[in-house]
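S.K.: Quick one: the structure is below, and I'll ask about it shortly.
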Amino acid sequence: MAPKCGVCVEAESKYKCPNCLTPYCSLACYKTHKVTPCTKPPDPSAASQNEDVAKQPPRSFEENEDESGWRLRRAQLEAMAASDDIRRMLRDDELRKLIQKIDSSITPEKDLDKAMEGAAFKQFTDKILAVVSSEDKSHVTQS
């Protein structure tokens, strides 16, 4: 049995609003429904995925604050963004989730060490290092 129309509450619904998923039975009910703007309901699976990621306050990235000296230059970042291999690797949902988890972790070093045990993440970091180091060498002038 189909649910009742969420607008007229009389007829069986045949359709759902693409935005808020409210059931409706006809074009007239759809137009009535659209008089009031509606929004997409929150995705429950997205909420549960976000709960798995520990929250950490954003890190400050002031120029003089990098005590380790490991700050990438703009050219290195641009080289990474332009790399077809890195862009292809970042299409993998699992890799993106892992990066997000590390980035928002309270213990990022520990999570990074654990991630490095996986072949896909190791391959990704190796590709990043190759791109960054090749960009580094392109700025060296030979005498």
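S.K.: Of everything in region 116-143, what is over 22 Å from Ser83 (Cα atoms) and modelled with pLDDT of 90 or more? Give them in sequence order.
M.R.: Of the residues in region 116-143, the ones over 22 Å from Ser83 (Cα atoms) are 117, 141-143.
Passing the criteria: only Glu117.
S.K.: State which residue pairs qualify: first residue in the same structural domain as Ala79 (by TED's automatic domain parsing) and in contact (Cβ under 8 Å) with a residue 24 or more places away in the chain and inside region 113-132, second residue among the acidic types (Asp, Glu) and in a loop (DSSP other than H, G, I, E, B) in any location, beta carbons under 8 Å apart, and separation of 6 or more residues or different chains.
M.R.: Ala120/Asp92
S.K.: Out of all the residues in region 1-27, which are more than 37 Å from the chain's Cα centre (by Cα) and either of a type in the set (A, V, I, L, M, F, W, C) or outside the structural domain of Pro37 (by TED's automatic domain parsing) (or both)?
M.R.: Hits for region 1-27 are Met1, Cys8, Val9, Ala11.
S.K.: Sticking with this structure for a sec: Looking only at region 79-96, count how many residues are in a helix (DSSP H, G or I) and either surrounded by 13 or more Cβ atoms within 10 Å (Cβ to Cβ) or of a type in the set (A, V, I, L, M, F, W, C) (or both). Steps first, answer last, please.
M.R.: Quick first cut of region 79-96, residues in a helix (DSSP H, G or I) only: 79-82, 84-89, 93-96.
Narrowing further to those that are either surrounded by 13 or more Cβ atoms within 10 Å (Cβ to Cβ) or of a type in the set (A, V, I, L, M, F, W, C) (or both): 79-82, 85-86, 89, 95.
Matching residues across region 79-96 total 8.
S.K.: Return yes when Ala130 is small (Gly, Ala, Ser), within 20 Å of Glu78 (Cβ to Cβ) and part of a helix (DSSP H, G or I) and no when it is not. First the steps, then the outcome.
M.R.: Details: small (Gly, Ala, Ser): yes; within 20 Å of Glu78 (Cβ to Cβ): yes; part of a helix (DSSP H, G or I): yes.
So Ala130 fits the description; yes.
S.K.: I'd like the full set of residues that are surrounded by 16 or more Cβ atoms within 10 Å (Cβ to Cβ) and of a type in the set (Lys, Arg), limited to region 97-123.
M.R.: Lys101 - this is the single residue of region 97-123 that is surrounded by 16 or more Cβ atoms within 10 Å (Cβ to Cβ) and of a type in the set (Lys, Arg).
The values are calculated or read from the model by the stated rules, or taken from the named source; none is laboratory data. If you're wondering where the values come from, they're calculated on a predicted model, not measured in any experiment. Quick reminder, even Gly has a Cβ in these numbers, built from the backbone with ideal geometry, and neighbours come from all protein chains shown.
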